[in-house]
Structures are given as C-alpha cells and as structure tokens.
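The values are calculated or read from the model by the stated rules, or taken from the named source; none is laboratory data. What you see is a predicted model; the values in this text were computed from it and never measured. Heads up, the Cβs are rebuilt from the backbone with ideal geometry, glycines too, and the neighbour counts pull from every protein chain shown. Keep in mind that these areas ignore ligands, DNA and RNA; they rest on the heavy atoms of the full protein, side chains included. Shrake-Rupley method; radii C 1.70, N 1.55, O 1.52, S 1.80 Å.
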Amino acid sequence: MPPVFPMLTVLSMFYYMCLRRRARTATRGEMNSRRAIESNTRALPINVEIVQYAKEVLDFSSHYGSENSMSYTMWNLAGIPNVYPSSGDFTQTAVFRTYGTWWDRCPSARLPFKRTPSTFCSQDYVELAFEEPVYPTAVHILETYHPGAVVRILACSANPYSQNPPAEVRWEVLWSEAPTKVNGPQARQFTPCIKQINFPTNLIRLEVNSSLLDYYTELDAVVLHGVKERPVLSLKTSMIDMNDIDEDEDEEKYGCGMDTLNKQFSIVTLREWPTNGYFDKLPYELIQLILSHLTVPDLCRLAQTCKLLYQHCCDPLQYIHLSLQPYWARINDTSLEYLQSRCTLIQWLNLSWTGNRGAISVSGFSRFLKVCGSELVRLELSCGHFLNETCLEVITEMCPNLQELNLSSCDKIPPQAFNHIAKVGSLKRLILYRTKVEQTALLSILNFCSELQHLSLGSCVMIEDYDLIASMMGAKCKKLRSLDLWRCKNITESGIAELASGCQLLEELDLGWCPTLQSSTGCFTNLARKLPNLQKLFLTANRSVCDTDIEELAANCTHLRQLDILGTRMVSPSSLRKLLESCKDLSLLDVSFCSQIDNRVVLELNASFPNVFIKKSFTQ
C-alpha cells in the first residue's frame, strides 16, 4: 500500500493544477468552447436568468433585401420570431446576399488574400443589440431555412446604449466552428455551447459562412440568455480533456499575439545570440519563401527570436499582400503606425471590417496611406464605418496606382465624397454596394474611369436615373466585364439597350429585382443578341421573363454558366430543356417560385442534366 499514497499525491496535484488552469483561462476568456472542459459546472442559484430577444440590428455586411423594405433584410432579426418553427422561404426573415460557391466562380470573383488564417472563414456578419447587459449563459439562433451558416458568435464589452463610450472596446469569441453541411433545409434552434466571459454584454455579433449551403440561409430571431451578476462556478468536474492543456497554451499565445500585436511590432532590442543556427546557411530568398506562409501574428512572434529572423519578419517584401480583416477586432491606430515601416511596398491591403467604434481614426488611416499608399493596387475597405470624405480624398491622392477599390456597405460616407474617386483613372474594379453614392458623382466616375472592368452598384438607392447611368457606361466603359445592378429601381429598356450596345464584352450582369424591366419591350432578347459572352445573368423576381427570352439565351449565349429566373410565371419546361441542351457549361439554374416548373419537372431535368444544379425553393 505505501506506493499508492505518492501516486495519489501526484494525481491530486495534477488535478489541482488543471482546476487552477481552467479557472484562469475561463476568466481571461481564452478557452475555446469546442475543447472546453466537459463538466457539470453550472452557475450557483444566486442570479435569475434573463431571456431577451434582440432589440435592434446595429450593423451588417450584406442582405438580400432592399434598403427601403423589410423583406429578406437583416432588420427582421430584431424582436420576437416571425416564422419559427415553420420552415421554408419567407420574406419576414433575415437573408444574406450570397450562398454556395457560385459567387467565387463567376467573372467578377476576386482573388483571395494569402496568409489568411485557416481559423478565419467568416464571409458576412450581423451585430445585434439587446436591452440588458448580461453575462451570457446561452445564445439561441432560430434558423428557418437552410441552417448551418453561423460559424462564430462574439460578445462586445461596449454598451451601444451607454452615453459614455468605453476607452477600450473588447470582443470575445463565445463560440466558433468551421462551416458544416447540415442535412436538409428544415428549421432548427441552434444553441451552441458558449464559454463564460468576464464582462456583461448586450452586443452580440454573428458571423456566417454560406459556402456549403445549397441555398440562402434564413434567420428569424436571436435569443440571449444571461444573468446580471457574474456567475460563480461549482466544482463538480466529471472529466477534463487532456488535449486542452497543450492546445490552450497555443491558444494563449495566439490570443496574446493579437492582443500585444502593437507591442511586438515595436520591439527593437533583441537578445544577443552567438549564431543564428542553421538559418545562417540558408539563402535569404529561401528564408523569405518559408516565412511567406506565416500569418501576421506568427511573424510577430518569430521576429522576437533572433536578429536574423527579425530582419526577415520586418522585410517589406513580406507585406506585399496584407489582409488585416481576420484581426478586425484588434486593429487600431497603433497597429497601423507600427506596420508603416513594413508596408512601404504593399500592393494589396485588406482593411475590411476594421476600425469601427473609434478603433481607427481618420488621421490614423491617413497617416498610414501617406506612407504606404504609393504602390497600392488593391484596397479592400468593406464595412469601414470610420471612412469619410477626408479618407476618400487621401486615397485618391496617395494611391495613384490603385486599380481595385471595395467600399461595400460603407454607408457612413456622405454622397458628395464619392466625387473624389473620379481622380483615380486607373481603376479597374469598383464596388459601391449599399453606399450613398449619388448620380452626379457616379457620372463623373464613369466619365474619367474608362478602364473599369468590374462595377457593383447593387442597392445604391440614391441614384435617380439609372438609364442615364447605363447610357454613360455604354459610351465610356467599353471594357466592362461585370456589372451588378441588383435592386436598381428605375432602369428601363432604353438603358438596357444603351448598355448592351456599348458594353459588348460583358460576361456577368445582375438585374435581379429590377421591377421596371418588362420582357414585352424586348429588353431581354436584345441583351441575349448583343452580349454573346454572357456567363452569368440574374433576372431574379422578374415575372415577365418568358419562353422567348430563354430561347434567345439558348441560341446566342452558349457560354452561360449561371442563370437566375426566380419568380417568373411565363417559362415552360420545354424552353428550359432547350437552354440546358444548348448551354453545355451551365452549372446553376434557379427556378424557385416559377409557377410552371414544379418538383416533377425539376426531377426530370436533373435526371437528364446531372451536372446542373437546378434550384427549386419552397414555402410551407
């Protein structure tokens, strides 16, 4: 028996260390819920749990609906459920703009940034405010159609209803997971296991990735459960995940790496080592190639090991392409200041989602571009709500070589500010989705930016006369390859005729939810005859599309890959069969709510054309 007691002592010490570690990481909020301790821990009954629906939608990256309506918009996430527990396609739900991989397989698709961490897969987000700040105990997401898109849930320390904004805004991940394929489109209540945080919150952010979905995901409501006082955990531990010990170390390092990103970049004194090991024997170019596979936090940490690697990690050649979007919650003016000396040769920069709630100032952004903007070719600023007219002016002055500019959902930029973009005559891609660009500024841009190849004007509600805009495109933008006019409210057959005559290189055209276009005017047959290179054509929700239009597409647009005719009542199965036989490259055909195309027809067409994804949506 004597040997037993030393063993028990060792086990007791190990058990105690595990509990200490668990309590410490839970307090810091660094423990990932997927590898969290499996236990019976629960809050002691000192708090009454508060259950609340979202009071308000504060921010989002995109939505399927219109800016002047409630149908299919993110604003439907506020309040009690409208649809749940019913399943199907309902206008009263929140729907993001894209799904699947179709948007990555069309002419307007953008090349991805290298060095994006594998753990970051978010494509869209929505931020929700609740009435009462609480320590979260559960988050319920009511999904009513094609669930499975949510990949991350975050909580913010800032109270959106407080009169005194905090000096520092913190975001903590409550739960995250890679995209998963959910069997079936039926409604569900999604309640992931969230981790405990050490501050109360009434601001929750959902991030989604819809790449594995067969159709648009639809969300109905979000329910936040929580308590007013910080929970005290009981210690009824049943099992400890042994992998949690080593993996938490890595997670702490990663989290710390981003928390102290500014400090790490600013380090100038390093330990003195007699040699740099075998790295001294490697060619400089080979070390650069090896380091090019590291993420930004990894470069920060590696720079602290020795002077040789510090030199490599700070080499501007390592920052030719830089995406800071994965670290949006940590980037601020200080981050940009420390990056300046390393980004003097930068050509691609992604600052999407960054800088909100005062993290990046106009002066901080301007200082960075004045040092690092001269070589910029591509600038991604999606959802950058700190941007104003001064920022656009600095961009046009400091980035003379700029070819791609993404201002998607930058809805805080005033209308007159967009005039500055006309100074960048080298632009080839311009994304103005959900911005307040007005007609005069856009006409000026089209007049001076004749090199444009890709233009997105989806949901730009301040443009009064799209026929005039289309006429200017036809006259000035002869190289246009893709054009997004999603939910353009006033374009007519006249504008379409000007566009088709002048922009005959068009390969992608989105005219979804454009109610003023009528097939009887011949606008769609004119498109088919004038634009033989079309690969993607969206005529979503245009009930006038008829057999004649489909047959013209079959005869003239044989390179067609994606066609959306959702909602038409005039298309028959026979014309669809002609289209499928003629367009051998067709991969997506959306016939949802097409009254003549029932499920039996879809099954028959699927059997005859198995390589085409034929979508038929439904409502219960």
Taking Cα pairs closer than 8 Å and at least 6 residues apart, the relative contact order of segment 319-463 in percent is 18
For Asp280 the rounded accessible area (nearest 10 Å², probe 1.4 Å, non-protein molecules ignored) is 90
The alpha-carbon center of segment 125-143 and that of segment 397-446 are separated, in whole Å, by 35
FRET efficiency for Lys114 and Gln189 from the Cβ-Cβ distance with R0 = 56 Å, rounded to 0.05, comes out at 0.90
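Leaving ligands, DNA and RNA out of it, rank Tyr310, Tyr466, Tyr278 by accessible area with a 1.4 Å probe, largest first.
Highest to lowest solvent-accessible surface, that is Tyr278, Tyr310, Tyr466.
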Contact order relative to length for the chain, counting C-alpha pairs under 8 Å separated by 6 or more residues, stands in percent at 10
For segment 492-570, Rg(Cα) over 2.2 N^0.38 Å is 0.96
The answer for the net charge of residues other than Lys616 whose Cβ lies under 15 angstrom from its Cβ, with Lys and Arg +1 and Asp and Glu -1, is -3
Computed over the chain: longest principal axis from alpha-carbon atoms vs helix 389-398 long axis, angle to nearest 10 degrees, is 90
With the label point 7 Å along the Cα-to-beta-carbon line of Glu229 and a cut-off under 20 Å to each amide N, the hits in segment 174-202 are 196-202
Taking Cα atoms only, helix 439-448 is inclined relative to the longest principal axis of the chain by an angle, in degrees rounded to 10, of 90
note: segment 404-529, Cα-Cα separations exceeding 25 Å make up a percent value of 15
Heavy-atom accessible area with a 1.4 angstrom probe orders Tyr319, Tyr284, most exposed first, as Tyr284, Tyr319
Residue-normalised 222 nm signal for the chain, counting each DSSP H run of n ≥ 4 as -39,500 (n - 2.57), nearest 500 deg cm²/dmol, is -8000 deg cm²/dmol
Per the Cα gyration tensor, segment 95-232 corresponds to an equivalent ellipsoid with semi-axes, largest first in Å, of 29, 18, 13
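Given a 1.4 Å probe and every protein chain left where it sits, what share in percent of the accessible area of segment 374-441 is carbon and sulfur?
On segment 374-441, the fraction of accessible area on carbon and sulfur atoms equals 47 percent.
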Inter-part gap, Cα centre of segment 585-613 to Cα centre of segment 280-337, in whole angstrom, is 49
Carbon and sulfur atoms account, in whole percent of the 1.4 Å probe accessible area of segment 324-368, for 44
To the nearest 10 degrees, the tilt of helix 362-372 (Cα long axis) against the first principal axis of the alpha carbons of the chain is 80
With the 1.4 Å probe rolled over protein heavy atoms, the chain has an accessible area per residue in Å² of 43
Toy charge model, Lys and Arg Cβ at +1, Asp and Glu Cβ at -1: segment 49-227 dipole around Cα centroid in debye, rounded to 20, equals 620
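Please compute the contact order of segment 49-227 in relative form: average sequence separation of alpha-carbon pairs under 8 Å and at least six residues apart, divided by the residue count, as a percent.
Values: 466 pairs, mean separation 63.8, N = 179.
Normalised by residue count, the contact order of segment 49-227 is 36 percent.
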A 1.4 Å probe over the protein heavy atoms gives segment 49-227 a carbon and sulfur accessible-area percentage of 50
Surrounding charge for Thr98, neighbours by C-beta under 15 angstrom, Lys/Arg +1, Asp/Glu -1, total -3
Computed over all unlike Cα pairs, the Kirkwood hydrodynamic radius of the chain in Å stands at 26.8
per DSSP, antiparallel bridges as share of beta bridges in the chain, % nearest 5, sits at 55
